[in-house]
Amino acid sequence: MPRRLIVLLLMLLVFPATARADWFPAAAIDGPNADVVAVGNVDVARDGTGAVAYLRKDGGFTHAFVSRIVGGGWRAPERVDPATGEATEVKVAVGEGNRIVVAWVADGIVYANVAQGGTPEPGGFVGHTQLSGPNAKSVDIDLGINGAAYVTWEQDGNVIAARLQDTTWSWVPTPLDGDPNAVAGTGVLRPKVAVSAEGYAVITWGEVGPAGTRVWARRVTGLTLSAVPQILNLPEGGNADSPEIDIEEDGSFAWVVFRQDIAGGSRTIGRRLVGSLFEAPETFDGGLSSDEPRVDINGDGVGFGVAQGNGGALALGAWLFRDHFQPSMGLASGPSATPTRPDVSASDRGDVAVAWRTGELGGTIARARYKDEASTAVGPEFTVSNPALGPVVDPGVSISGDRVGDFAVAMVQGTPGAYTLTGAVFDRAPGAPFIEETTTYKRKTRPDLRWRAGIELWGAQRFRVYVDNVVIGETTSETLTPRVPLTTGKHTWQVEAVDVRGQTSRSRVRTLRIDALAPTLSVKVTGKRAAGQNLKVTVRATDTGGAGLDHITVDYGDKSAKSDKATTRHKYKRGTFRLKVAAVDKAGNVTRKEVRLRIKKK
């Protein structure tokens with residue numbers, strides 16, 4: 001199932017100045033010239049962790065492998081299946097906090113393995129569990145954001161499911177089939193599953209009925225099946241198959257898309273689940289012949305549907321907005337474009353990314369496009385496969401992404417005997433750093449400059465600090481102290497974030513105010529310096545650095561109350577006293593003066 005992939009382009013603003021996100025073509029993950037067989041899928045969690053599942057020869061047999069995505073980079077391959085058995089398919093689902101669930105079929109038996117997660121760094125797999133067998137095929141898997149997962153598959157013409165909670169698997173006690181006597185889940189009728197934030201699932205599949213093949217859907221709450229499965233295809237149409245599904249965070253809402261023969265043609269149809277019922281069907285292929293539908297929505301139901309049009313002559317897409325498909329659009333172009341099996345993903349923000357395989361100018365490549373959440377237009381095509389690693393082979397591409405618009409595309413490239421697992425990424429530029437606006441002056445000429453980092457899920461950021469348009473330092477923390485003292489006065493400053501691929505985003509320009517100059521201060525005492533006589537104390541203080549005078553303090557030195565007035569009158573007893581006066585500006589600079597007073601008898 002297409003996972004919550006994501007796309008990616010930041011909205012262009014005058015401030016902050018932000019480098020646009022970009023596609024980075026495929027690099028070898030396993031290979032080159034590895035004995036890779038096929039990609040199962042790629043899945044990226046909301047927090048940016050992810051994995052690609054694939055099949056590869058090892059010791060003469062085909063086995064299930066994963067390569068994890070950590071910090072936006074691919075980790076070394078890990079074999080997840082036991083020592084024996086010929087693996088024929090594999091799927092992976094990834095949750096936040098490095099939780100990974102892998103399911104595969106080997107010798108007709110479904111197995112699963114779990115990396116529990118909840119750790120800063122990826123943890124190991126706990127050991128495989130046998131879920132079924134024999135004669136199992138068409139495994140699919142999804143993982144909810146609360147950590148619960150469901151696996152579904154076809155076995156002997158029935159649709160079967162199991163649920164994972166923590167590291168414990170439990171089986172749904174009965175098949176999901178709508179008609180127990182029908183053949184369900186075989187071939188293009190294969191089951192697909194989506195898991196909501198509550199940890200419950202909706203599963204869709206196809207069955208062979210008296211009037212042809214039909215698409216069904218059924219809710220699974222815990223291990224309990226809904227009482228009545230529902231048929232989704234149009235009753236006036238012909239055979240229906242190839243269902244796909246995605247679900248909102250609220251499990252009451254989901255979309256199922258499928259292919260159906262209608263009026264002598266092949267069409268793609270979507271139906272929205274609301275509560276326990278499906279709403280009226282909608283087409284999103286612009287009236288053209290189409291098949292291979294996919295859909296991906298975010299937690300709020302915003303997303304995109306795609307299909308292969310005219311037998312591979314077109315890649316079609318339609319935006320899902322306000323719970324309805326908008327008018328469809330063509331996605332692929334080129335002199336000899338034959339797009340096949342488009343895949344799609346949507347971010348929490350509502351960005352959308354689409355990838356497909358295409359034959360163009362004599363080669364087989366992978367192309368991709370993205371649409372920013374604020375735009376109704378899809379961005380330009382980009383070749384995401386690596387020409388140096390050969391053509392893209394079956395079954396094509398898989399795409400997925402995180403909550404902010406980073407995503408990964410996985411595929412196999414090469415020729416028989418020299419296949420390579422490759423992965424391309426769309427890496428969103430880092431979020432712009434935030435500097436709080438302030439009019440406060442700083443007294444230090446080497447002040448601690450502080451900011452808050454913007455969102456960046458794929459790798460550590462570096463920060464360049466500019467003062468008066470000149471770089472004064474670079475750091476990986478969120479604070480920097482200038483090495484060279486700054487002069488008194490107003491300066492501009494700005495922070496630029498740099499991600500692991502060199503993409504940049506700048507904060508808004510802020511004013512940095514430095515006042516390192518102490519106020520000027522004069523003190524004048526007039527009057528007869530005799531006990532009981534009024535002395536007039538006159539203080540004149542002026543700020544010179546720009547911050548402004550904050551206050552003065554007059555300490556008469558005789559334990560009487562202090563004053564903050566510029567002019568006061570004070571009577572002393574006989575004795576010697578030290579009159580202490582301080583002037584403080586708003587940056588904290590202080591000037592002090594002291595006057596020694598000798599008070600005589602009257």
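The values are calculated or read from the model by the stated rules, or taken from the named source; none is laboratory data. Everything numeric in this text was worked out from a predicted model, so none of it was measured. In this analysis, Cβ positions are derived from the backbone assuming ideal geometry, glycine residues included, and neighbour counts consider all displayed protein chains.
Restricted to segment 130-233, the set of strands (runs of 3 or more DSSP E) holding at least 1 residues that are closer than 27 Å to residue 281 by Cβ comprises 136-143, 149-155, 158-165, 192-195, 201-209, 212-221. Just wondering, is there one or more residues in segment 298-308 that are crowded, with 21+ Cβ neighbours inside 10 Å and aromatic (Phe, Trp, Tyr)? Yes; the residues of segment 298-308 include at least one that is crowded, with 21+ Cβ neighbours inside 10 Å and aromatic (Phe, Trp, Tyr).
Scanning segment 280-297 for residues that are surrounded by fewer than 24 Cβ atoms within 10 Å (Cβ to Cβ) and closer than 24 Å to residue 348 by Cβ turns up just one, 282. Among the residues making up segment 363-378, those that are surrounded by 21 or more Cβ atoms within 10 Å (Cβ to Cβ) and at pLDDT below 90 are 370, 371, 372.
Which of the residues that make up segment 251-286 are of a type in the set (D, E, K, R) and under 14 Å from residue 310 (Cα atoms)? Lay out the reasoning, then the answer.
Kept after step one, since they are of a type in the set (D, E, K, R), are these residues of segment 251-286: 259, 261, 267, 271-272, 279, 282, 285.
Within segment 251-286, 259, 261, 267, 285 qualify.
Kindly provide the set of residues from segment 356-392 that are closer than 22 Å to residue 31 by Cα and in contact (Cβ under 8 Å) with a residue 60 or more places away in the chain, ordered by number. Of everything in segment 356-392, those that are closer than 22 Å to residue 31 by Cα and in contact (Cβ under 8 Å) with a residue 60 or more places away in the chain turn out to be 366, 383, 384, 385, 386, 389. Only one entry of 90, 70, 126 meets the criterion of being β-branched (Val, Ile, Thr) and surrounded by 23 or more Cβ atoms within 10 Å (Cβ to Cβ), and that entry is 90. None of 158, 181 is under 23 Å from residue 212 (Cα atoms), crowded, with 16+ Cβ neighbours inside 10 Å and polar (S, T, N, Q) except 158.
Checking each residue in segment 34-84 for being under 15 Å from residue 113 (Cα atoms), assigned to a loop (DSSP other than H, G, I, E, B) and among the aliphatic types (A, V, I, L, M) picks out 80, 83.
Here is a yes/no grid of residues against (1) outside the structural domain of residue 472 (by TED's automatic domain parsing); (2) surrounded by 15 or more Cβ atoms within 10 Å (Cβ to Cβ); (3) in contact with a strand residue (DSSP E or B) (Cβ under 8 Å, 6 or more places away or on another chain):
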{"residue": "490", "(1), (2), (3)": "no, no, yes"}
{"residue": "495", "(1), (2), (3)": "no, yes, yes"}
{"residue": "501", "(1), (2), (3)": "no, yes, yes"}
{"residue": "505", "(1), (2), (3)": "no, yes, yes"}
{"residue": "526", "(1), (2), (3)": "yes, no, yes"}
{"residue": "529", "(1), (2), (3)": "yes, no, yes"}
{"residue": "551", "(1), (2), (3)": "yes, no, yes"}
{"residue": "556", "(1), (2), (3)": "yes, yes, yes"}
{"residue": "564", "(1), (2), (3)": "yes, no, yes"}
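Being modelled with pLDDT of 90 or more, more than 30 Å from residue 391 (Cβ to Cβ), assigned to a loop (DSSP other than H, G, I, E, B) and in contact with a strand residue (DSSP E or B) (Cβ under 9 Å, 6 or more places away or on another chain) is the filter here, so list the residues in segment 313-352 that pass it. Residues satisfying the conditions are 323, 326, 327. Of the candidates 305, 299, the single residue that is assigned by TED's automatic domain parsing to the domain that holds residue 203, over 30 Å from residue 237 (Cβ atoms) and of a type outside the set (Lys, Arg) is 299. In summary, residue 529 fulfils each of the numbered conditions (1) within 30 Å of residue 457 (Cα to Cα); (2) touching a residue at least 12 places away in the same chain (Cβ under 8 Å); (3) not polar (S, T, N, Q) with the single exception of condition (1). Filtering segment 507-524 down to residues that are in contact (Cβ under 8 Å) with a residue 40 or more places away in the chain and among the charged types (D, E, K, R), which residue is surrounded by the most Cβ atoms within 10 Å (Cβ to Cβ)? Across segment 507-524, the extreme among qualifying residues is 515. Scanning segment 242-261 for residues that are surrounded by fewer than 24 Cβ atoms within 10 Å (Cβ to Cβ) and part of a strand (DSSP E or B) returns 242, 253, 261.
Selection over segment 531-548 of residues that are within 54 Å of the chain's Cα centre (by Cα), of a type in the set (A, V, I, L, M, F, W, C) and surrounded by fewer than 15 Cβ atoms within 10 Å (Cβ to Cβ) gives a count of 0. The test for being surrounded by 21 or more Cβ atoms within 10 Å (Cβ to Cβ), within 23 Å of residue 191 (Cα to Cα) and either in contact with a Gly (Cβ under 7 Å, 6 or more places away or on another chain) or not basic (Lys, Arg) (or both) does not hold for residue 98.
Yes/no per residue for (1) surrounded by fewer than 21 Cβ atoms within 10 Å (Cβ to Cβ); (2) part of a helix (DSSP H, G or I):
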residue: 385; (1), (2): no, no
residue: 388; (1), (2): yes, yes
residue: 399; (1), (2): no, no
residue: 405; (1), (2): no, no
residue: 413; (1), (2): no, no
residue: 438; (1), (2): yes, no
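Looking only at segment 86-107, decide whether some residue is outside any strand (DSSP E or B), under 21 Å from residue 200 (Cβ atoms) and not aliphatic (A, V, I, L, M). Yes, because at least one residue in segment 86-107 is outside any strand (DSSP E or B), under 21 Å from residue 200 (Cβ atoms) and not aliphatic (A, V, I, L, M).
Put simply, of 410, 418, 388, 374 the only residue that is of a type in the set (Gly, Ala, Ser), in the same structural domain as residue 94 (by TED's automatic domain parsing) and either in contact with a helix residue (DSSP H, G or I) (Cβ under 8 Å, 6 or more places away or on another chain) or closer than 18 Å to residue 342 by Cβ (or both) is 410. Looking across segment 468-494, the residues that are of a type in the set (A, V, I, L, M), in contact (Cβ under 8 Å) with a residue 12 or more places away in the chain and over 21 Å from residue 430 (Cβ atoms) come down to 484, 486. Has segment 18-28 got at least one residue that is over 30 Å from residue 466 (Cβ atoms), without any contact (Cβ under 8 Å) to a residue 40 or more places away in the chain and in a strand (DSSP E or B)? Checked segment 18-28: no residue is over 30 Å from residue 466 (Cβ atoms), without any contact (Cβ under 8 Å) to a residue 40 or more places away in the chain and in a strand (DSSP E or B). Within segment 583-594, residues that are free of Cβ contacts under 8 Å to residues at least 60 places away in the same chain sit with their Cβ atoms under 7 Å from residues that are surrounded by fewer than 19 Cβ atoms within 10 Å (Cβ to Cβ), at 6+ positions apart or across chains, in these pairs: 594/578; 594/580. Checking each residue of segment 185-200 against the condition of being over 23 Å from residue 132 (Cβ atoms) and either of a type in the set (Phe, Trp, Tyr) or surrounded by 18 or more Cβ atoms within 10 Å (Cβ to Cβ) (or both) gives at least one match. Only one entry in 240, 217 is in the same structural domain as residue 279 (by TED's automatic domain parsing), among the small types (Gly, Ala, Ser) and in contact (Cβ under 8 Å) with a residue 60 or more places away in the chain, namely 217.
Annotation note: of 487, 492, the sole residue that is in a loop (DSSP other than H, G, I, E, B), polar (S, T, N, Q) and under 28 Å from residue 519 (Cβ atoms) is 487.
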